[in-house]
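These notes are about the structure you will find just below.
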Amino acid sequence: MTPWGRLLQPDLAIHGSILEFTPELIAQHHLKGLILDVDETLVPFKQSQPLDEVRQWLQQIQSLATVVLVSNNLSHSRISRIAETLGVPFYTGAGKPSRRKLRQAVALMELPHHEIAMVGDRLFTDVLGGNRLGLFTVLVEPMADPMATGSLNSPKQCLRNAEIWLSKRLGVVLAAGERR
Ligand SMILES: [Mg+2]
């Protein structure tokens, strides 16, 4: 694999949304801390709050792992509202794949890097940033927006698909996370 491919290769590609990242998988990989991306990973871009299913998922997860949100979104009000609802610490304007705020989240958790997963929907921000820091990286599919009218070809979706296409050219394998 190319050096870039190695940096973009998630340790785990989930076939589905973050809700499919189950307590069993977290235990299986000996993870004690989760750094979660927010937009499209936990909350669809056009929604302001997480779905009930996501809140329930997080509650379940928190008995196993410490959770911190790290978002590239510059909107402090959006991300703080979501973090408050979920009751977890958060960082905004992270500029992933920059490691700066990821390092702060890691410091907050006081766990070894291999026990922390960076979980997100994007290869060139979430996975790349997590791999640069030596974290366990998990790629999920974007959270479906219940209000969306069925089109999967939003600009964000196209960008994500382009990232996946390019990553595969660089040798990345997403066997378990192939989009239909
Ligand atoms: Mg995202």
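The values are calculated or read from the model by the stated rules, or taken from the named source; none is laboratory data. Treat the numbers as computed from the prediction; the structure is a model and nothing was measured. Cβ atoms come from the backbone with ideal geometry, glycine included; neighbour counts cover every protein chain shown. For the accessible areas, the whole protein counts, side chains as well, though only heavy atoms, and no ligand, DNA or RNA atoms are used. Shrake-Rupley method; radii C 1.70, N 1.55, O 1.52, S 1.80 Å.
Worth pointing out:
- Cβ-based charge dipole, region 16-144, positive-most Cα from 107, 58, 86: 107
- Long-range Cα-Cα pairs in region 28-75 (distance over 11 Å), rounded percent: 72 percent
- Residue among 106, 138, 127 with the largest mean-square fluctuation in a Gaussian network model of the chain, springs linking Cα atoms under 10 Å: 106
- Percentage relative contact order, the chain, counting C-alpha pairs under 8 Å, at least six apart: 34 percent
- Highest-MSF residue in the chain out of 83, 117, 107 [GNM, Cα springs under 10 Å]: 107
- Of all the options 76, 114, 15, the one that moves most in a Gaussian network model of the chain with Cα springs shorter than 10 angstrom is 76.
- Cα lying deepest toward the dipole's positive end in the chain, options 162, 48, 10, charges on Cβ: 162
- Cα gyration tensor category, rounded, prolate or oblate, for region 1-101 with a/c compared to 1.5: oblate
- Above 23 Å, the calculated P(r) of the chain contains 35 percent of its Cα-Cα pairs.
- Rounded to the nearest 20 debye, dipole of the chain from Cβ charges on Lys, Arg, Asp, Glu: 680 debye
- Efficiency of FRET between residue 111 and residue 2 - r from beta-carbon atoms, R0 45 angstrom, step 0.05: 0.90
- Residues of the chain: accessible area per residue with a 1.4 Å probe, Å²: 49 Å²
- Computed from label points 7 Å out along Cα-Cβ, the spacing between residue 165 and residue 25 is 2.6 nm.
- Rounded to the nearest 0.05, the FRET efficiency derived from the C-beta distance between residue 32 and residue 74 at R0 = 35 Å is 0.75.
- Surface share of carbon and sulfur [accessible, 1.4 angstrom probe, percent] for region 16-144: 50 percent
- Stretchable slack from residue 145 to residue 56, in nm (0.36 nm times residue separation minus alpha-carbon distance): 30.3 nm
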